[in-house]
Amino acid sequence: MKFNKLLPLISFVILITNVCIGQKAKEFEGKILYKHLVTAIDPTYDIQNDYNYTGTTSVFFYKEGKYKWSNNNAYVEMEMFNNKKKESCLKFKENDTIRRLKSNIENEKILDFSIIKNGDKVLGHTCDVLVIKAGSNGNSWERRYSFSNDCKINPMSFNNYKYNSTDFIYSKINVLPLKIELIFKDRKISYTATSIEEIPVSDEIFNFPEATKFKDGI
């Protein structure tokens, strides 16, 4: 799989993030475990391509507008975002150099969106579903975010995070999603929460060792 075909998958994931401080709600701090599932829409599509890139499970840490999302046994090992630095960082397997991406670069246009009330249930939580239809360079795709009233975060932490329309998405849901689905013409990829823990998260988890090497861009 060419890497540019992977870009819509990475952040979304990335793509995965927010609570409303203006309403003085308590912001989530803790850890979410996700299970990944790839389903072929085109029977000739090899789903192992996606499992190789993002693995079958992941762990997501969140604290005050910062997140670290680590995939287990995958080519894309880690994605991290720091709202104060306004950048995403990616770590790839067998490469110690951290790739830095500007989060304010727009890579798609929203073509349509809707919210399905009570459209899903995850971990016993009844969820609404935000449906986003987006496109770029003649291609289009759909993403679905299942969310409840849990895991509230501050959407203002992502107000200039343009990649994968993250700022728009979290302005609508104001929470961390419990499920994310990416639907392309040939396959569907889902990330579903299997565990939610509200625990203290050390700031150190969002820092890199002093000797870390960085490179801008992919």
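Miscellaneous remarks
- Residue within region 120-143 that is in contact with a helix residue (DSSP H, G or I) (Cβ under 8 Å, 6 or more places away or on another chain), over 15 Å from residue 190 (Cβ atoms), open to solvent by less than 20 Å² (accessible area, probe 1.4 Å) and assigned to a strand (DSSP E or B) present: yes
- Residue identified as of a type in the set (A, V, I, L, M), open to solvent by less than 70 Å² (accessible area, probe 1.4 Å) and part of a strand (DSSP E or B) among 169, 189, 205: 189
- Of all residues making up region 144-160, the number that are among the hydrophobic types (A, V, I, L, M, F, W, C) and assigned to a loop (DSSP other than H, G, I, E, B): 2
- Residue, least open to solvent (accessible area, probe 1.4 Å), within region 39-60, restricted to residues that are among the aromatic types (Phe, Trp, Tyr) and either assigned to a helix (DSSP H, G or I) or closer than 30 Å to residue 26 by Cα (or both): 60
- Number of positions in region 88-119 that are loosely packed, with under 13 Cβ neighbours inside 10 Å, at pLDDT 90 or above and charged (D, E, K, R): 5
- Within this structure, residue 162 passes the test of being of a type outside the set (A, V, I, L, M, F, W, C) and farther than 19 Å from residue 33 by Cα.
- Answer residue from region 61-86, given it is among the charged types (D, E, K, R) and more than 14 Å from the chain's Cα centre (by Cα) and is surrounded by the fewest Cβ atoms within 10 Å (Cβ to Cβ) among those: 84
The values are calculated or read from the model by the stated rules, or taken from the named source; none is laboratory data. Keep in mind the model is a prediction, meaning the values are calculated, not measured. Neighbour counts are summed over all protein chains in view; Cβ atoms, including those assigned to glycine, are modelled from backbone coordinates with ideal geometry. We work out accessible area using only protein heavy atoms, side chains counted, and drop any ligands, DNA or RNA first. Shrake-Rupley method; radii C 1.70, N 1.55, O 1.52, S 1.80 Å.
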